[in-house]
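As structure tokens, the structure follows; a few thoughts come after it.
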Amino acid sequence: MLNKGLLGQTPHRGFGSSRSIWSVLHLDPLLLLLLLVLIAGGLVVLYSGADRNIEVVKAQGVRMAVAFVVMLVFAQLDPSVYRRWAPWLYLVGLGALLAVLLVGVGAKGAQRWLALPGLPRFQPSELMKLVVPMMAAWFLSRHFLPPRLTHVAISLAIVLIPMVMIIQQPDLGTALLVGAAGLFVVFFAGISWKLIGAFVGLASVAAPLMWFFVMRDYQKQRVLTLLDPQSDPLGAGWNIIQSKTAIGSGGWSGKGWLQGTQSHLEFLPESHTDFIVAVLAEEFGFVGMLVLLFTYLLILMRCLYIAVNAQDSFGRLLAGALTMTFFIYIFVKIGMVSGLLPVVGVPLPLISYGGTSIVTLMAAFGVLMSVHTHRRMISA
């Protein structure tokens, strides 16, 4: 009997004898189409955000192509492969995080990358966004659900160990995303609301301790800037003030593609990475933002459908957690540029210029497609 969780338990039959090209390739056509639409639109916005630098767009296109290959490869693997390899991937990930702390490559005051001979520089913490929920799903799916308190405690340890290592780099934004990915697995496993309330209470108590003993000065400054950006309008508050100005100036339909003044006159910093949402809002307006959010919504709905209809607990927990992590990306990034959340180094999914984060996201979508397309025949 399949274990129960918050995402349901109804099994589905296999594809049968007649298989479409999509099932042969283990791809979900609707999800694939939505991703292609989002990526194509993202390249258009990136060209403007990068001040018409076609080389940036070409580099992003190459990274997208590599990410698509990664997604295709991950989609071919049966979910049982991920279940079997989860503990080993987790140990390798912890080893890579330790290597970052010891011999990692530093940039802008942070030590977050590894440069191995023969391989491009990469950020192991990004990979943990996929590995941590996979490990938590592996552990919890081996026991009856909802989990006992002991199993919840072990799951939290699985999540907290890499979080602490990532915070040391320092990279609080990525650490929180990794933690969220793992905690979503625990939530979907069906823990009681009383236990959730207890965790929220502990987090509230821990918040002041984090402020005094964990957060660094620049992280505290981001929070203070969020509360009062006008306190330092030419310094710490400059970025968020210019971002909000760009968003507000876009109005209903925007100023037009390549016509944004805040980004092209260099008032808006990091317009092709951290603040690309502001570029989109300024040039395409409220309508453009609605289209973007609606596309994201369709992707999230499709991913949740895949999670609900997964055949076993491992697939449901992992797919649900990856879907909600994608949501957190969107929520944090849009909240950041609109002045509702502190500025953190989180990319807008499949829009912002980036490398490792894009590959990790597409790998996650590959896992989701694997869960959806590798279906076993279940006897009545």
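For the residues Ala364, Ala189, Ala96, a GNM of the chain with alpha-carbon springs under 10 Å puts the largest fluctuation on Ala96.
Carbon and sulfur together cover what percent of the accessible area of the chain at a 1.4 Å probe radius?
Working: 12650 of 17990 Å².
Of all accessible area on the chain, carbon and sulfur atoms account for 70 percent.
Could you tell me which of the pairs Lys129/Lys333; Lys129/Lys220; Lys220/Lys333 are separated by over 22 angstrom between their Cα atoms in the structure shown?
Values: Lys129/Lys333 16 Å; Lys129/Lys220 24 Å; Lys220/Lys333 18 Å.
Listed pairs above 22 Å: Lys129/Lys220.
Each Cα pair under 8 Å and six or more residues apart adds its sequence gap; the mean of these over the residue count of the chain is a relative contact order of 30 percent.
Projected label points at Ile161 and Phe294, each 7 Å from Cα along the beta carbon direction, are separated by 4.6 nanometres. Rolled with a 1.4 Å probe across the full set of protein chains, the surface gives Arg302 an accessible area near 50 Å².
Which of the peptides 52-60, 317-325, 196-204 is most tightly packed, and how do the rest follow, going by the mean number of other Cβ atoms within 10 Å of each residue? All intermediate terms of the calculation are to be shown ahead of the outcome.
Details: 52-60: 14.3, 317-325: 28.1, 196-204: 11.1.
Averaged packing, sorted descending, gives the order 317-325, 52-60, 196-204.
Dipole of the range 26-166, Cα-centred, from +1 at each Lys and Arg C-beta and -1 at each Asp and Glu C-beta, to the nearest 20 debye? Walk me through the numbers on the way to the answer.
Numbers: 11 positive and 5 negative charges, 53 e Å.
The calculation lands at about 260 debye.
Centre-to-centre separation between the Cα atoms of the range 116-190 and those of the range 53-71: 27 Å.
Answer rounded, prolate or oblate for the range 195-305, using the Cα gyration tensor with square roots of eigenvalues a ≥ b ≥ c: rounded when a/c is under 1.5, else prolate when a/b is larger than b/c, else oblate. Write out the running numbers ahead of the final one.
Working: a/c = 3.10, a/b = 1.32, b/c = 2.36.
Taking the square roots of the gyration eigenvalues as a ≥ b ≥ c, the range 195-305 is oblate.
For Arg112, the residues 5 or more places off, or on other chains, whose built amide H falls under 5 Å of its own are Val105, Ala107.
Probing with 1.4 Å while keeping every protein chain in the model, the per residue accessible area of the chain equals 47 Å². Ranking of Phe212, Phe267 by solvent-accessible surface, largest first: Phe212, Phe267 (1.4 Å probe, protein heavy atoms only, all chains present).
Taking the longest Cα principal axis of the chain as reference, the axis of helix 238-249 is set at about 90 degrees. Ranking of Lys255, Lys194, Lys220, Lys333 by solvent-accessible surface, largest first: Lys194, Lys255, Lys220, Lys333 (1.4 Å probe, protein heavy atoms only, all chains present). Here the 3J(HN,Hα) profile of the range 53-64, calculated from phi with Karplus coefficients 6.51, -1.76 and 1.60 at θ = phi - 60°, is 7, 5, 5, 5, 5, 4, 4, 5, x, 5, 5, 5 Hz, Gly and Pro shown as x. Where a ≥ b ≥ c are the square roots of the eigenvalues of the C-alpha gyration tensor, would you call the range 61-105 rounded, which needs a/c under 1.5, or, failing that, prolate if a/b is larger than b/c, or oblate? In terms of gyration-tensor shape, oblate. Measure nothing but the geometry: give the 0 to 90° angle between the long axis through the Cα atoms of 172-188 and the longest principal axis through the Cα atoms of the chain, rounded to 10°. With both axes taken from Cα atoms, the answer is about 30 degrees.
Surface calculation, 1.4 Å probe, protein heavy atoms: Ser370 sits at approximately 0 Å² accessible. Return one number: the angle in degrees, 0 to 90 and rounded to the nearest 10, between the long axis of the Cα atoms of helix 124-141 and the longest principal axis of the Cα atoms of the chain. The two axes meet at around 30 degrees.
Can you sort Asp217, Asp28, Asp228 by solvent-accessible area, 1.4 Å probe, largest first? Numbers along the way, then the final one.
Working: Asp217 125, Asp28 5, Asp228 75 Å².
So the residues, ranked largest to smallest area, are Asp217, Asp228, Asp28.
Each residue of the range 196-209 is assigned a 3J(HN,Hα), and the resulting list reads 4, x, 5, 5, 5, x, 5, 5, 5, 5, 6, 4, x, 5 Hz, derived from the Karplus form 6.51 cos²θ - 1.76 cosθ + 1.60 (θ = phi - 60°), x at Gly and Pro.
Annotation for Gln168 and Phe286: the two label points, set 7 Å from Cα along the Cα-Cβ direction, are 5.0 nm apart.
The values are calculated or read from the model by the stated rules, or taken from the named source; none is laboratory data. The shown structure was predicted, so the numbers you read here are calculated from the model rather than taken from an experiment. Every residue, glycine as well, gets a Cβ built from its backbone with ideal geometry; the counts of neighbours run over all protein chains shown. Just so you know, the surface numbers come from the protein's heavy atoms only, side chains and all, with ligands and any DNA or RNA stripped out. Shrake-Rupley method; radii C 1.70, N 1.55, O 1.52, S 1.80 Å.
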